[in-house]
Amino acid sequence: MKRSLFGRLWPNVTAVVLFIGLVFPVYWMFATAFKPTGDIISEDPVWFPTDVTFEHFKTATEADHFWTYVSNSLIVTVCAVVFSLIIALAGSFALARMRFKGRRGFIVGFMLAQMAPWEVMVIAIYMIVRDASMLNSLVPLTLFYMMMILPFTILTLRGFVAAVPRELEESAMVDGCTRAQAFRRVILPLLAPGLMSTSMFGFITAWNELPLVLVVNKEAESQTLPLWLTSFQTVFGDNWGATMAASSLFAVPILILFVYLQRKAVSGLTAGAVKG
């Protein structure tokens, strides 16, 4: 009886401890953003903000070029995710449904591309962008972010396409659909969970990327939010209140995306499975 109780208890306790360890930094970031400066620099930690203030958020949003950074980040990230999904849909379908020479090597190549650290390629990317006279532009950022998330997107969607029974596609083609129509009407709705998970990964990856924009975009009009976060570090010290407020604002789109896509992924698990 005691062993059985311990066997059921320790996984739950471990899960709770891990949950607290993962959530506490996020809580501390949001809590610090609402604390007065005196509570932030106090030697005794203030666990719960009592005197709530929005001054730090005002400092963050009134920083130079804030809305420019927001629009640049949204444009680059959304475009990179959308373009990668369009290409990945065709690539994943080909890898999952078609048999051609060199297919296995092609898949291994995508895996190796996913494993390669992009940071070691920053100098080469800078030289390419410089030679193309595209420095301080959002176009190269969008293209390279797309290529950064494309291998993972193709490999992940390939697994979802392969999990869809061929009989569903063949049945639609027997009923008169072309291969493209069968893909759009039968397979694509069943890929909703995969599209949601891969788009979430791509959005987070492109949204958080810093080294590339730091190198190829030196002008404020073409920079993004990750670089904006560094503006609260000065020779006079760190403005922790504004930094935490800026970090909170930076994290809000990802949290909203996660909540929205999580619901869509669940609702799309059976979408398209019934012929109507």
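Numerical summary
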{"item": "Simple spin-label estimate for residue 135 and residue 9 in nanometres, 7 Å along Cα-Cβ", "result": "6.5"}
{"item": "Which of 151, 162, 77, positive extreme of dipole for the chain (C-beta unit charges)", "result": "162"}
{"item": "Mean Cα-pair separation over length for the chain, i.e. relative contact order, pairs under 8 Å, 6 or more apart, %", "result": "29"}
{"item": "Candidates per GluC sites (Glu not before Pro) in segment 138-244, loop by DSSP, up to 10 other Cβ within 10 Å", "result": "219"}
{"item": "Centre separation in Å (Cα based) which lies between segment 141-168 and segment 46-82", "result": "31"}
{"item": "Pairwise label distance in nanometres, residue 37 with residue 52, each label 7 Å out on the Cα-Cβ vector", "result": "2.2"}
{"item": "Kyte-Doolittle mean at least 1.0 and Cα axial length at least 27 Å: DSSP H helices in the chain", "result": "2-33, 66-97, 138-163, 240-267"}
{"item": "For segment 1-155: rounded, prolate or oblate by the Cα gyration tensor [a/c cutoff 1.5]", "result": "oblate"}
{"item": "Computed over segment 74-225, the ratio Rg/Rh where both radii use C-alpha atoms and Rh is Kirkwood", "result": "1.06"}
{"item": "Share of carbon and sulfur in the accessible heavy-atom surface of segment 25-116 [1.4 Å probe, %]", "result": "69"}
{"item": "Linear extension gain, residue 63 paired with residue 258, 0.36 nm per residue minus alpha-carbon span", "result": "67.5 nm"}
{"item": "Overall dimensions of segment 6-52 by Cα: Rg and Dmax, Å", "result": "15.1, 46"}
{"item": "Where the chain is the region considered: accessible area per residue in Å², 1.4 Å probe", "result": "60"}
{"item": "Cβ charges +1 (Lys, Arg) and -1 (Asp, Glu), total dipole of segment 1-146, debye", "result": "1540"}
{"item": "Relative packing of peptides 191-204, 11-24, 243-256 - highest average C-beta neighbours within 10 Å first", "result": "191-204, 243-256, 11-24"}
{"item": "Where the Cα pairs of segment 31-84 fall when distances are cut into 5 Å bins, in %", "result": "4, 18, 17, 13, 12, 12, 12, 8, 5, 1"}
{"item": "Debye, to nearest 20: dipole size of the chain, +1 on Lys, Arg Cβ, -1 on Asp, Glu Cβ", "result": "1880"}
{"item": "At R0 = 35 Å, FRET efficiency that the Cβ-Cβ distance of residue 147 and residue 179 yields, to 0.05", "result": "0.80"}
{"item": "Computed lengthening from residue 28 to residue 87, 0.36 nm per intervening residue step minus Cα-Cα distance", "result": "17.3 nm"}
{"item": "Nearest-20 debye value, segment 68-203 charge dipole, Cβ charges on Lys, Arg, Asp, Glu", "result": "380"}
{"item": "For the chain, fraction of C-alpha pairs farther apart than 24 Å, in %", "result": "64"}
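The values are calculated or read from the model by the stated rules, or taken from the named source; none is laboratory data. Every value quoted in this text rests on a predicted model; they were computed, and no experiment measured them. Every residue, glycine among them, receives a Cβ derived from its backbone with ideal geometry; neighbour counts consider all protein chains shown. The protein model used for the area step is the full one, side chains on, heavy atoms only, and it has no ligands, DNA or RNA in it. Shrake-Rupley method; radii C 1.70, N 1.55, O 1.52, S 1.80 Å.
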